[in-house]
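Scroll down for the structure; my scribbles are underneath it.
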Amino acid sequence: MNWRARIVPERAGPLLLGGVLMGLAHPPFHLLVTSFVALVPFIVWLDGLPATAEGRKQARKGGFLFGLVYYTLVLYWLLVALIFYTWWALFAFVAPILILSFFMSWVAGGIHLVRSRLRWPVQLVFPVFWTAGEVLRAHLLDVSFPWMQFGDTLSAYPILVGAADLVGSRGLSFWLALANALVASGFLAYRTGGWRALRRPAVGFLLVFAVPIAYSVARWQTIEVRTAARVGVVQPNVPQHLRDLDPVASTDSALRSTETLTSPWVGRESMDLVVFPETMLTSTVLDPLPSYPHRGWPEAHRWAERLGAALEAEVLVGARGGDDVGPEEYQPFNSAYHFRPGDGLVNRYDKRFVVPMVERVPFIPPQWLSGIPYTGRLGVGDWQPPVEISTGQGTAAYGAMICYESIFSPLARHFRRSGADFLVNITNDSWYGRDAWWSRSSALWQHPAHLVMRSIETRMGAARSGNTGISKVVDPLGRVSHRTALFEPASFVADVSTTDGLTVYVRFGDVVGTLAALAALLALCASFLKDRNLRGQARRSVSGETVDSASGSA
């Protein structure tokens, strides 16, 4: 058998089509219809496999191929973002794609096993295993990566996904997988029984499609929104190559851009908080490190305090943080510093969910990597309460999310449960492309889409400051306003809104995902037990026939 037959399953066309359709469902395309049909070719292909060991082998190969196409189209930007800096980029791209494709292989194999052994209907087994796969990749400790789950494909249509305040983004993934399974079952029914056989799948699809959307529309009309704070957002637009080559020049460029962008606000705009992007101040660590010795960066402190006093607002800015841990040793952090006029520095938030390989090598203590180039050694921050600020209405509190922390719903839930009124996401997305249109990767649109889901899940507004864009404001309904252009200096002042009370999702978390994972695990266990029993019966039957044959011969 040649290598292609070993790797590529039979009738691979539907798998390739499904992978491409899944790519089109995600940003920047956001094609609405594809979210409800993209998985249909994959499901129909799986259903056509024989209920044998060979069929299961084909399912695993097919799941891997489907995942390879799907995840390559959605995550190709990993290579684009890092190849300018190190050849490690090839590993940082290939490894996640292969791991995620392996997970998809497990999903497909599990679906086939449960379908063939337990006879679960595809409308049940497919959404359960699809959602369980998403749960798995979101809970892998240092390499957890819940980037662009299936439910996130509808972030451009917030009026349709209000049910996220009940079930979260992963619950929407279950909903979409179920809808796709119903469309696939309708296609299969039509193929065998004609139009008359379509009735039940069609009714099921209409109910599954309509009920969550009806809830969302009703919630859209009745939810009460109020202003939490007035926030100024700054997008200095410092190019990534300057940040890499000369941190001092990068910081100077950011400060000059900031002066230009904020000076029209002085005496004219009223705001409670001014937000600057991730690692805008990169020249050195802001904190004193006595064992070096390093006195900190008092000039940066004074800049933030003067700006806050001029604007009569509190200031949040991304910078390099550090903790002194011994003789000429310190632990670096990706941090957000909060300054208050008259009080100076009042809070430092350290990024809790750090980027694998880029910011921290998974599962390896940072001190082991000292002196090795191109390896991340950032520390992991602690869970923190939200930061309280004074506003025109009294007080409000916000939770800071640095860079891709916006993809982690547990962090937004934590802030909301701890009393936050709104979220602030500071980021530097200049990694994901350059000014020329042909160099812009899909991550520039995928990354900010997650913040829409966090706002709907928690019913909190959010303000986003990106170094090169996209900066924006999201309200508790998921509507986006004040959206800036990419790779242009920009600034705006806007009200960030919130709601009162905690959503079901904030209170109870990812119930749908947890139940799906448990159901998948129990189904696999039951399937393996039944498979073992069947093999045992087959052996006993063969043994009995052998004994009978021997007795007859005697």
**Asked** Based on what the data block shows, is THR34 at pLDDT 95 or above and in contact with a Leu (Cβ under 8 Å, 6 or more places away or on another chain)?
**Response** yes
**Complete:** Exactly one of ARG532, ARG540 is out of contact with any helix residue (DSSP H, G or I) (no Cβ under 9 Å at 6 or more places or on another chain), modelled with pLDDT of 70 or more, within 30 Å of ARG119 (Cα to Cα) and not assigned by TED's automatic domain parsing to the domain that holds LEU154, and that residue is ARG532
**Asked** Scanning for something within 20 Å of the chain's Cα centre (by Cα), buried (at least 24 other Cβ atoms within 10 Å of the Cβ), assigned by TED's automatic domain parsing to the domain that holds GLY18 and not small (Gly, Ala, Ser), does segment 176-184 turn up at least one residue?
**Response** yes
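For every residue, the table says whether it meets (1) among the hydroxyl-bearing types (Ser, Thr, Tyr); (2) surrounded by fewer than 24 Cβ atoms within 10 Å (Cβ to Cβ); (3) assigned to a loop (DSSP other than H, G, I, E, B).
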residue: TYR398; (1), (2), (3): yes, no, no
residue: ARG416; (1), (2), (3): no, no, no
residue: ARG434; (1), (2), (3): no, yes, yes
residue: SER441; (1), (2), (3): yes, yes, yes
residue: MET453; (1), (2), (3): no, no, no
residue: ALA462; (1), (2), (3): no, no, no
**Message:** I'm told GLY162 meets every condition in (1) within 29 Å of SER465 (Cβ to Cβ); (2) in contact (Cβ under 8 Å) with a residue 24 or more places away in the chain; (3) out of contact with any Lys or Arg (no Cβ under 6 Å at 6 or more places or on another chain) except one. Can you identify the failing condition by its number?
**Reply:** (3)
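Inside segment 254-366, counting only strands (runs of 3 or more DSSP E) that do not spill past its ends, which hold 1 or more residues that are assigned by TED's automatic domain parsing to the domain that holds ASP382 and surrounded by fewer than 21 Cβ atoms within 10 Å (Cβ to Cβ)?
314-326, 329-340, 344-350
Taking the residues in segment 346-389 that are modelled with pLDDT of 85 or more and among the basic types (Lys, Arg) as candidates, determine which candidate is nearest to LEU286 (Cα to Cα).
Of the residues in segment 346-389, the ones modelled with pLDDT of 85 or more are 346-355, 378-389.
In the following step, the residues that additionally are among the basic types (Lys, Arg) were identified as 348, 351-352.
Details: ARG348: 10, LYS351: 15, ARG352: 18 Å.
My answer is ARG348.
For segment 501-521, name all the residues that are touching a Gly at 6+ places or on another chain (Cβ under 6 Å) and closer than 13 Å to VAL128 by Cα.
Start the filter on segment 501-521 by keeping residues that are touching a Gly at 6+ places or on another chain (Cβ under 6 Å), which leaves 505, 510, 512.
Across segment 501-521, the qualifying residue is only VAL512.
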**Message:** Six or more apart or on different chains, Cβ atoms under 7 Å: show the pairs whose first residue is in segment 373-392 and part of a loop (DSSP other than H, G, I, E, B) and surrounded by fewer than 20 Cβ atoms within 10 Å (Cβ to Cβ) and whose second is modelled with pLDDT under 90 and among the acidic types (Asp, Glu).
**Reply:** GLY376/GLU359
**Item:** Tabulated pairs, segment 29-58, first of a type in the set (Ser, Thr, Tyr), second assigned to a helix (DSSP H, G or I), C-beta under 7 angstrom, 6+ apart or interchain
**Value:** THR34/LEU21; THR34/LEU24; THR34/ALA25; SER35/ALA25; SER35/THR153; SER35/LEU154; SER35/LEU176
**Asked** Of all residues in segment 159-197, how many are in contact with a helix residue (DSSP H, G or I) (Cβ under 9 Å, 6 or more places away or on another chain) and not in a helix (DSSP H, G or I)?
**Response** 3
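Can you find even one residue in segment 465-482 that is without any contact (Cβ under 8 Å) to a residue 24 or more places away in the chain, surrounded by fewer than 22 Cβ atoms within 10 Å (Cβ to Cβ) and not in a helix (DSSP H, G or I)?
Of all residues in segment 465-482, those without any contact (Cβ under 8 Å) to a residue 24 or more places away in the chain come to 474, 481.
Next, from what is left, pick out any that are surrounded by fewer than 22 Cβ atoms within 10 Å (Cβ to Cβ): 481.
Pick out the ones that are also not in a helix (DSSP H, G or I) and you get 481.
Within segment 465-482, one or more residues are without any contact (Cβ under 8 Å) to a residue 24 or more places away in the chain, surrounded by fewer than 22 Cβ atoms within 10 Å (Cβ to Cβ) and not in a helix (DSSP H, G or I).
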**Item:** In segment 194-217, the residues that are out of contact with any Gly (no Cβ under 8 Å at 6 or more places or on another chain) and farther than 14 Å from ALA179 by Cβ
**Value:** GLY194, TRP195, ARG196, ALA197, ARG199, ARG200, ALA214
**Item:** From LEU65, LEU124, LEU90, LEU79, residue being at pLDDT below 90, more than 21 Å from the chain's Cα centre (by Cα) and either under 30 Å from GLY461 (Cα atoms) or in a helix (DSSP H, G or I) (or both)
**Value:** LEU90
**Request:** Only one of these is touching a strand residue (DSSP E or B) at 6+ places or on another chain (Cβ under 7 Å) and aliphatic (A, V, I, L, M): VAL143, VAL167, VAL203, VAL208. Name it.
**Result:** VAL143
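The values are calculated or read from the model by the stated rules, or taken from the named source; none is laboratory data. The shown structure was predicted, so the numbers you read here are calculated from the model rather than taken from an experiment. Don't worry about glycine lacking a Cβ; one is built from the backbone with ideal geometry, like all the others, and counts go over all protein chains shown.
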